[in-house]
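Engineer: Supplied in structure tokens, the structure appears directly below.
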Amino acid sequence: MKVSWAQLYNDIGECEKCRLCETRTNVVVGEGDPHARLMFIGEGPGQEEDRQGRPFVGRSGELLTRMIQAIGMERTEVYICNVVKCRPPKNRNPEPDEAAACLNYLRGQVALVRPKVVVLLGKVACQYTLNEQVFITRDHGVWRERKGVWFMPTFHPSALLRDPAKKRDAWEDFKKIRDKLKELSEA
Ligand code: URA
Ligand code: SF4
């Protein structure tokens, strides 16, 4: 049975399905248009996200926001969330069992939002969402269709902050995203 937003917020709010619940300040469910055509999936909350209970509000978030604006959209028009809803200590990658425990919430979010296009930010988001080993340098910008939804792996904004030379490739990916949305609205 399909979950409701209220149910989802309730379940995540009191979730203790993995050890990340022990160290979180706030859960970070996600935010944006609940019926967005475009959805972004990151890895997990960082320090600022954990503090505010909102996704992508730190340095990476500022860059993501600018990239969304660069394709003519606003944060409020897209939906933004993460694979795990609680911050991994010291921003380590989520462990497989943590991602597995949390993945049903993400499935619920995708089922409720019903996006046309899903952008996977970084290797970790790809690995758990597509259930496939992805190498961002090789596989970024390459579409994968799953049940009528278009998924694209691209760079995590924190990787772009570490290595600005990658921004050129990321911009090519974002232009493909913009074009795909246009194509799908014309179809
Ligand atoms: N990095 C992520 O993967 N997600 C966030 O929400 C913030 C930083
Ligand atoms: Fe629950 Fe996900 Fe938080 Fe783990 S990360 S406690 S599964 S909400």
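Engineer: Restricting the search to region 59-110, which residues are away from ligand 1 (no atom under 11 Å from the Cβ), farther than 22 Å from W150 by Cβ and acidic (D, E)?
Structural biologist: Of everything in region 59-110, those that are away from ligand 1 (no atom under 11 Å from the Cβ), farther than 22 Å from W150 by Cβ and acidic (D, E) turn out to be E95, D97, E98.
Engineer: Then there's this: Answer yes or no as to whether A125 is within 19 Å of L20 (Cβ to Cβ), in contact (Cβ under 8 Å) with a residue 12 or more places away in the chain, within 14 Å of ligand 1 (Cβ to nearest atom) and open to solvent by less than 70 Å² (accessible area, probe 1.4 Å). Please lay out each step first, then the result.
Structural biologist: Values: within 19 Å of L20 (Cβ to Cβ): yes; in contact (Cβ under 8 Å) with a residue 12 or more places away in the chain: yes; within 14 Å of ligand 1 (Cβ to nearest atom): yes; open to solvent by less than 70 Å² (accessible area, probe 1.4 Å): yes.
Taking the combined requirement at face value, the residue satisfies it.
Engineer: Please work out which one of (1) open to solvent by less than 40 Å² (accessible area, probe 1.4 Å); (2) in contact with a Pro (Cβ under 9 Å, 6 or more places away or on another chain) is the condition E95 fails and give its number.
Structural biologist: Status for E95: all satisfied but (1).
Engineer: Moving on. Filter region 1-20 down to residues that are closer than 11 Å to V84 by Cα and either among the aromatic types (F, W, Y) or part of a helix (DSSP H, G or I) (or both), then give me how many there are.
Structural biologist: The total comes to 2.
Engineer: State all residues of region 21-49 that are outside any loop (DSSP other than H, G, I, E, B), within 13 Å of ligand 1 (Cβ to nearest atom) and over 28 Å from K180 (Cα atoms); if no residue qualifies, say none.
Structural biologist: Keep residues of region 21-49 that are outside any loop (DSSP other than H, G, I, E, B), which gives 21-22, 31-32, 38-42, 47-49.
Still in the list and also within 13 Å of ligand 1 (Cβ to nearest atom): 31-32, 40-42, 47-49.
Of everything in region 21-49, those that are outside any loop (DSSP other than H, G, I, E, B), within 13 Å of ligand 1 (Cβ to nearest atom) and over 28 Å from K180 (Cα atoms) turn out to be Q47, E48, E49.
Engineer: Take T65 and decide whether it is assigned to a loop (DSSP other than H, G, I, E, B) and hydroxyl-bearing (S, T, Y). Walk me through how you get there before you give the answer.
Structural biologist: Values: assigned to a loop (DSSP other than H, G, I, E, B): no; hydroxyl-bearing (S, T, Y): yes.
For T65, the condition - assigned to a loop (DSSP other than H, G, I, E, B) and hydroxyl-bearing (S, T, Y) - is not met.
The values are calculated or read from the model by the stated rules, or taken from the named source; none is laboratory data. Quantities reported herein were computed from a predicted structural model and do not represent experimental measurements. Neighbour counts are summed over all protein chains in view; Cβ atoms, including those assigned to glycine, are modelled from backbone coordinates with ideal geometry. Side chains included, ligands, DNA and RNA excluded: accessible areas come from the protein's heavy atoms. Shrake-Rupley method; radii C 1.70, N 1.55, O 1.52, S 1.80 Å.
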